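The values are calculated or read from the model by the stated rules, or taken from the named source; none is laboratory data. All of these numbers come straight from a predicted model, not from anything done at the bench. FYI the Cβ positions are ideal-geometry reconstructions off the backbone, even for glycines, and counts take in every protein chain you see. Surface accessibility is based on the protein's heavy atoms, side chains included, excluding ligands, DNA and RNA. Shrake-Rupley method; radii C 1.70, N 1.55, O 1.52, S 1.80 Å.
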Amino acid sequence: MYDKRFLKVKKLGEERYFRDDREFFKFIKKQSGRTFNDMYRTYDMLVDNVKSGKLNPNASKSYWETHINTDNDKLIIGDFIFRIFRGYFDRTSGLYTINILAEAKANFLCANDVYSIFSEEIKNSKAL
């Protein structure tokens, strides 16, 4: 049986439901085309450049909060900004704990727009 929850999102307003974080991470890999190992390597490279003084200190925090930190209520996955809702959602196909909704096209936003959307998360970030 083919599970339609893992299909790529192609337009705004689409939503997906997941039973746990493992399924959510599987969707992130499918939607963005990158594994979490790839994203962590990028983050490590940014941290090294921030420590050496080549980049602004907020560069690594911004990447962490916008792409990797799944505890936020919004996240950039692929070409979209998704709003993440956690709780219990009883659907006809089962019980789910994570619901995501595509709210904006991230590839149309500049860095200042992304920073203004995620500014609160970046300011409160514990990342390096």
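Using the structure shown, select from Lys8/Lys54; Lys10/Lys126; Lys29/Lys105; Lys8/Lys123; Lys54/Lys105 the pairs with a Cα to Cα distance greater than 24 angstrom. Please list the in-between numbers first.
Values: Lys8/Lys54 35 Å; Lys10/Lys126 33 Å; Lys29/Lys105 18 Å; Lys8/Lys123 31 Å; Lys54/Lys105 29 Å.
From Lys8/Lys54; Lys10/Lys126; Lys29/Lys105; Lys8/Lys123; Lys54/Lys105, over 24 Å: Lys8/Lys54; Lys10/Lys126; Lys8/Lys123; Lys54/Lys105.
When the C-alpha atoms of the chain are aligned to their principal axes, what extent does each axis show, in angstrom, from largest down?
Sorted from largest, the Cα extents of the chain read 52, 26, 24 Å.
With a 1.4 Å probe and every protein chain left in place, work out the accessible area per residue of the chain in Å², rounded to a whole number.
Working: 7880 Å² over 128 residues.
Counting only protein heavy atoms, the per-residue value for the chain is 62 Å².
Quick one: 3J(HN,Hα) in Hz for segment 88-96, Karplus 6.51/-1.76/1.60 with θ = phi - 60°, rounded, Gly and Pro as x.
10, 10, 9, 10, 5, 8, x, 9, 10
Please grab the % of Cα pairs in segment 1-52 that end up more than 16 Å from each other.
Summing the P(r) tail past 16 Å for segment 1-52 gives 54 percent.
Based solely on its DSSP helices, what 222 nm [θ] is calculated for the chain when runs of n ≥ 4 H residues each add -39,500 (n - 2.57) and the sum is averaged over all residues, nearest 500 deg cm²/dmol?
Using -39500 (n - 2.57) per qualifying helix, the result is -10000 deg cm²/dmol.
Which net charge results when you count Lys and Arg as +1 and Asp and Glu as -1 among the other residues whose beta-carbon is under 13 Å from that of Asn69?
Local charge sum for Asn69: -3.
Hey, any idea what % of segment 1-72's accessible area is carbon plus sulfur with a 1.4 Å probe?
51
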